[in-house]
Ligand SMILES: Nc1ncnc2c1ncn2[C@@H]1O[C@H](COP(=O)(O)OP(=O)(O)OP(=O)(O)O)[C@@H](O)[C@H]1O
Ligand SMILES: [Mg+2]
């Protein structure tokens, strides 16, 4: 491995951040420019949404279930098992639903985008597209970003919902709670602030997943190995970013709405 | 499009339009990191002319085509394409210009997740105004031109290298661009397939009067192009009559160590005194 001087290293980082920001900005700005690629958007939406549905349903259900399981033990000790519905619903909707769905989709689609675009770069297909007069950021990146945001939003709602069901099953079957009581306390405890947090996060995460995946793909260098590296980096970077942004977004929303 | 082009016609055409180059490089230099690839090169491509570019591997031939397409930016110098200084243009504005240019990449660069039909139709579909039937008709016509009509529903990975090269040509010519850039269209192909491709290029030159830059590894191919014309009545390439050799709009450009060491027609090439060129053409 070649040694790079600290200044070169810093320059590289600044350059990458700048390139990423440009790509991310352009991916949204393209929405306001012609042509728009609805067919490609639909195709991506299908790939991301329908393709991710099974894993999102599975992780959502089990997360809700394990959340109920864990909290039930603690709550039982204080004799307040009836709070279980509220705990599961707030935990799922504000935090676990968005983050876990985001991480699942990041693992599945951020890598997919990086490898697809990366292969197109190393086989000159991106250059060919530019040569044919088509802007790859419009044709390839914008549809991916928009459909990821859109699909992650709905996937998160589904994940929250099946999580609540999973929690309900555990509470009623294993702890003998009344299903109706569980369900009404789960619903009633949700405030506007929780729902807002829970729906804002997937929008941010969807944007991160798609732009990071596309960025690593588009900047892949060095053949098949380079594409492999880009794929791994995309998953790592988008996952870490999701968790970091989750913290800051939560902090920001809390400071706006105040603590519950 | 009535009479077949005669050599005399072509000669007239080239002289009268010599003042309007479609591509002009002025003192263009480019380096990749520390590796200087082209140094202050200047040349013109006139309307209707086909210019064959030669040079050893790594001499910057593909780079010249990418520069002409605006895919890479030079470090210094000016490149005019169809009257636009492309070095000053933003990427967004270049897309419009690029639609008037067709490019055949060295490794074909077909979209591997699209079928042959979708690859060839790509540009037509991007224009968003052409009807499905019209697209289908033009795709077929273009594929017939390269004799690959029966591959329409196949994927590029199911084709041979030579077939892929021909699909790439079909994709480049489907919109009848004003300029064609061919990167090693005959590289690594058998003599029969390369002759087919040479005939296609000669047809583009003589029938459709397309201006083109042609990167080649084999001087022989370019000699064939300079000594043949496309006979529209007979529908094939024929040798020029003796005495009219070189009367087609065909020129040669040789690169060496980042410089142009030769730029001229076949007669000038045959009479060059330069040692390197003599060795190259022998
Ligand atoms: N994207 C790039 N990054 C770094 N170096 C490059 C890049 N593209 C080309 N080069 C370098 O520029 C030089 C010229 O490359 P180019 O592809 O133009 O050669 P060529 O004449 O087409 O060769 P060949 O006959 O093998 O196709 C080579 O030394 C190559 O290493
Ligand atoms: Mg080359």
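The values are calculated or read from the model by the stated rules, or taken from the named source; none is laboratory data. Note that the structure is predicted; figures quoted are calculated from it, not measured. FYI the Cβ positions are ideal-geometry reconstructions off the backbone, even for glycines, and counts take in every protein chain you see.
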(request) Can you give me the ranges of the helices (runs of 4 or more DSSP H) entirely in segment A:94-185 with at least 3 residues that are within 14 Å of chain B (Cβ to nearest Cβ) and either farther than 13 Å from residue A:206 by Cβ or at pLDDT below 95 (or both)? (result) A:111-122, A:125-131
(request) Kindly indicate whether any position in segment B:27-36 is within 16 Å of ligand 2 (Cβ to nearest atom) and surrounded by fewer than 20 Cβ atoms within 10 Å (Cβ to Cβ). (result) yes
(request) State whether one or more residues within segment B:32-39 are more than 16 Å from ligand 1 (Cβ to nearest atom), part of a strand (DSSP E or B) and more than 14 Å from chain A (Cβ to nearest Cβ). (result) no
(message) Name the single residue that is farthest from ligand 1 (Cβ to nearest atom) among those in segment B:56-88 being assigned to a loop (DSSP other than H, G, I, E, B) and away from every other protein chain (no Cβ under 14 Å).
(response) B:83
(message) Between A:231, A:250, A:197, which is modelled with pLDDT of 90 or more and farther than 16 Å from residue A:99 by Cα?
(response) A:231
(request) Select from segment B:203-222 the residues that are within 16 Å of ligand 1 (Cβ to nearest atom) and part of a loop (DSSP other than H, G, I, E, B) and list them in ascending order. (result) B:216, B:217, B:218
(request) Mind counting the residues in segment B:178-197 that are touching a residue at least 40 places away in the same chain (Cβ under 8 Å) and more than 11 Å from the chain's Cα centre (by Cα)? (result) 2
(message) With free of Cβ contacts under 8 Å to residues at least 12 places away in the same chain and under 26 Å from the mean Cα position of the chain (by Cα) as the only criterion, which of A:53, A:58, A:69 stands out?
(response) A:58
(request) At least 1 residues that are within 11 Å of chain A (Cβ to nearest Cβ) and surrounded by 20 or more Cβ atoms within 10 Å (Cβ to Cβ) in each: list the helices (runs of 4 or more DSSP H) lying fully within segment B:92-186 that qualify. (result) B:116-126, B:161-173
(message) Looking at B:67, B:94 in this structure, which one is under 18 Å from residue B:25 (Cα atoms), in contact (Cβ under 8 Å) with a residue 24 or more places away in the chain and within 16 Å of ligand 2 (Cβ to nearest atom)?
(response) B:67
(request) Report, by residue number, each residue of segment B:40-55 that is more than 12 Å from ligand 1 (Cβ to nearest atom) and over 24 Å from residue B:91 (Cα atoms). (result) B:46, B:47, B:48, B:49, B:50, B:51, B:52
(request) Pick out the one residue from B:262, B:223 that is in the same structural domain as residue B:194 (by TED's automatic domain parsing) and within 17 Å of the chain's Cα centre (by Cα). (result) B:223
(request) Identify the single condition in (1) within 16 Å of ligand 2 (Cβ to nearest atom); (2) farther than 24 Å from residue B:159 by Cβ that residue B:104 does not satisfy, given that it satisfies every other one. (result) (2)
(request) Return the only residue of B:202, B:207, B:248, B:215 being touching a strand residue (DSSP E or B) at 6+ places or on another chain (Cβ under 8 Å) and within 16 Å of ligand 2 (Cβ to nearest atom). (result) B:215
(request) Enumerate the pairs (first residue in segment B:48-62 and at positive phi; second residue anywhere and within 8 Å of ligand 2 (Cβ to nearest atom)) with beta-carbon separation below 8 Å, excluding pairs fewer than 6 apart on the same chain, so at least 6 apart or on different chains. (result) B:55/B:61
